[in-house]
Amino acid sequence: MDEAESLNRAINEEIVLCPYSAVWPILFEEERARLVHLFSNRLVAIEHIGSTAVPGLSAKPVIDILAGVDSMAQADALIKPLCDSRYTTSLAYNATLTDRRWLMRWANGRRTHHLHLMVYGSEVWNQRLAFRNCLRESAELAQQYEMNKRQWAAEFKTDREAYTAAKGEFIQRALRSASQSSL
């Protein structure tokens, strides 16, 4: 399989959830170290987010990485250097995003990493970390999320946007609930 075919397969990959793997945090740390080496002076912080960051939770086997920048202009300036270092992105998709930029790594026709560039300390940055932390702290919430993700993965197997939108509603409800319980 050549690189173009591998990328096309990764872009159109169906949504499949896998049981938790202890390898996921290791893969995150390896990519974090690579990003620090390449971009240490431009990334404020790098965090492991998403389901692969929650021990015991089933997930798409794609490592979600949250990388903090000082501004969206800085995020935009990082797109080309990141693409030169084995990431790819959709400029059309990123043009629809106001608070982040998205990139993807792939190998052998499969997605391996999603990189989310966001302004460090922004509301969306804090929300991503808060949701990860809620899942880590509440086995009940993590179980509910996994159950719903299995349903959405079956329902939206080939529609990543619909799958992501369904997750978004759950995430917002969980964050509102966590916020209200901390008052």
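The values are calculated or read from the model by the stated rules, or taken from the named source; none is laboratory data. Keep in mind that what you see is a predicted model, and the values were worked out from it rather than measured. For neighbour counting, all protein chains shown are included, and Cβ atoms are generated from backbone atoms with ideal geometry for every residue, glycine included. What goes into the accessible areas is simple: the full protein's heavy atoms, side chains included, and nothing from ligands, DNA or RNA. Shrake-Rupley method; radii C 1.70, N 1.55, O 1.52, S 1.80 Å.
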Separation in nanometres of the label points that stand 7 Å from Cα toward Cβ, at Arg86 and Asp2
2.2 nm
Let me cross-check Val36: its accessible surface, 1.4 Å probe, with only protein heavy atoms counted, in Å² to the nearest 10?
60 Å²
Long-range Cα-Cα pairs in region 84-144 (distance over 17 Å), rounded percent
56 percent
Equivalent ellipsoid semi-axes for region 58-116, as square roots of 5 times the alpha carbon gyration tensor eigenvalues: give them largest first, rounded to whole Å.
20, 13, 11
List, in order, the whole-Hz ³J(HN,Hα) value for each residue of region 30-44 obtained from phi through the Karplus relation with A = 6.51, B = -1.76, C = 1.60 and θ = phi - 60°; use x for Gly and Pro.
5, 6, 4, 4, 5, 5, 4, 4, 7, 9, 4, 7, 10, 10, 6
Listed residues Arg100, Arg111, Arg42 arranged by accessible area, highest first, probe 1.4 Å:
Arg42, Arg100, Arg111
If R0 is 45 Å, what FRET efficiency do you get for Glu137 and Asp76 from their C-beta distance, rounded to 0.05?
0.85
Can you give me the distance in nm between label points at Ser179 and Ser122, each placed 7 Å from the Cα along the Cα-to-Cβ direction?
1.7 nm
Which residue fluctuates most in the GNM of the chain (Cα springs below 10 Å): Thr52, Thr88, Thr96?
Thr96
Tell me, what is the per residue accessible area of region 1-105 in Å², probe radius 1.4 Å?
49 Å²
Non-local residues with an amide H under 5 Å from the amide H of Cys18, with H modelled 1.01 Å from N and Pro and chain starts lacking one, are Ala59, Lys60
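Going from the alpha-carbon gyration tensor of the chain, what semi-axes, largest first and in whole Å, does one get by taking the root of 5 times each eigenvalue?
Gyration-tensor ellipsoid for the chain: 25, 21, 16 Å.
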Filtered hits (lysines, Cα-Cα < 28 Å from Lys149, offset >= 8 within chain) -> Lys60, Lys157, Lys167
Regression test value, accessible area per residue of region 111-183, probe 1.4 Å, units Å², expected 59 Å²
Would you please state which residues of region 10-51 a label at Lys157 would reach in this model, taking the label point 7 Å out along Cα→Cβ and a backbone N cut-off of under 15 Å?
13-18
FRET efficiency, 1/(1 + (r/R0)^6) with R0 30 Å, evaluated for Ala45 and Arg9 via beta carbons
0.40
Tell me, what % of the accessible area of region 80-164 is carbon and sulfur with a 1.4 angstrom probe?
49 percent
